[in-house]
Amino acid sequence: MGRITLDKVTKSFGEVQVIPPLDLTIDDGEFVVFVGPSGCGKSTLLRLIAGLEDITSGQIRIDREDATHVPPAKRGLAMVFQSYALYPHMSVRKNIAFPLKMAKMDAAERDKRVDYAASVLNLTDYLDRRPGQLSGGQRQRVAIGRAIVREPAAFLFDEPLSNLDAALRVNMRLEISELHNTLKTTMVYVTHDQVEAMTMADKIVVLHAGRIEQVGSPLELYHTPRNTFVAGFIGSPK
Ligand code: ADP
Ligand code: MG
């Protein structure tokens, strides 16, 4: 299950509060996109959910459990890093299996999970290659594979496509949406790209200076933006 609840969550760096009290519920199986201009707090919010940063006050729940003080590795969430986080000297299979090896999972179960992830991601024929022998899109899929094998309650993506060229971005966008249809696992996806938000999201969270300006489906935001910031950002005519 992958229901994530943020209850009056705040985050300050020193004296500066970058996230004022914020409430948000992400439902199990939802594809939620955090969108907003650079510096608005998208990455910080994702890192708070992942546990990579501590919240300053408030509570984070994953399903019904208080996860506020649970370390990142025990939250059951998988952060997908950009493809350059792969190990260049390891095969694709070893790269994907790496988190399972760290968790000391036995080899048979590890292979089963890697084979499943590879089949979902069309990487079956590339398992013996090294990352340097793959295209940018394939490398990004390996990074996603490394998350899939952990069978997380939710996937967390921080601008995973920002270092890919335009054509590849469109492809990967479709592939990630397809992956969501296949796995039906909660996905939280950060981007500053309105097109990604509008085409991928079940629910969009528009952020501005750490505050939620509006939450809604792409159509709701397009047709009934709450204010000129949302309208301007989403590109609708208000
Ligand atoms: P986004 O991902 O939307 O571009 P960030 O979450 O990275 O925005 O940053 C939000 C705000 O928090 C920015 O003003 C940024 O400078 C500040 N910030 C982020 N991380 C830190 C940090 N480790 N220390 C101090 N300030 C930070
Ligand atoms: Mg960011």
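Quick note: the coordinates plus some simple rules give every number you see, no bench work behind them. None of these values were measured; they are calculated from a predicted model. Virtual Cβ from ideal backbone geometry, glycine too; neighbours counted across all protein chains shown.
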- Query: What base-10 log of the normalised intensity I(q)/I(0) is obtained for segment 1-109 from the Debye formula, alpha carbons as equal point scatterers, at q = 0.19 Å⁻¹?
  - Reply: -1.06
- List, in order, the whole-Hz ³J(HN,Hα) value for each residue of segment 185-190 obtained from phi through the Karplus relation with A = 6.51, B = -1.76, C = 1.60 and θ = phi - 60°; use x for Gly and Pro. 9, 3, 10, 10, 10, 9
- Query: When averaged across all projection directions, what area in nm² does the alpha-carbon convex hull of segment 110-198 cover?
  - Reply: 5.9
- Ordering of 43-54, 209-220 by burial proxy (mean other Cβ atoms within 10 Å per residue, highest first): 43-54, 209-220
- Using only Cα atoms, find the angle between the long axis of helix 107-120 and the longest principal axis of the chain, and express it within 0 to 90 degrees, rounded to the nearest 10. 60
- Query: How high is the relative contact order of the chain, in percent, counting Cα pairs under 8 Å that sit 6 or more residues apart?
  - Reply: 27
- Note on the structure: Proximal lysine pairs in the chain, meaning Cα under 25 Å and 8 or more positions apart or interchain, come to 22
- Query: Expressed as an acute angle from 0 to 90° and rounded to the nearest 10, what is the orientation of the C-alpha long axis of helix 136-148 relative to the principal long axis of the chain?
  - Reply: 90
- Query: Can you give the FRET efficiency for ASP63 and ALA107, using 1/(1 + (r/R0)^6), R0 = 25 Å, r = Cβ-Cβ distance, to the nearest 0.05?
  - Reply: 0.25
- Item | Extent along principal axes [Cα atoms of the chain; Å; largest to smallest] | 51, 40, 30
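May I ask what percent, to the nearest 5, of DSSP beta bridges between residues of segment 93-238 are antiparallel?
50
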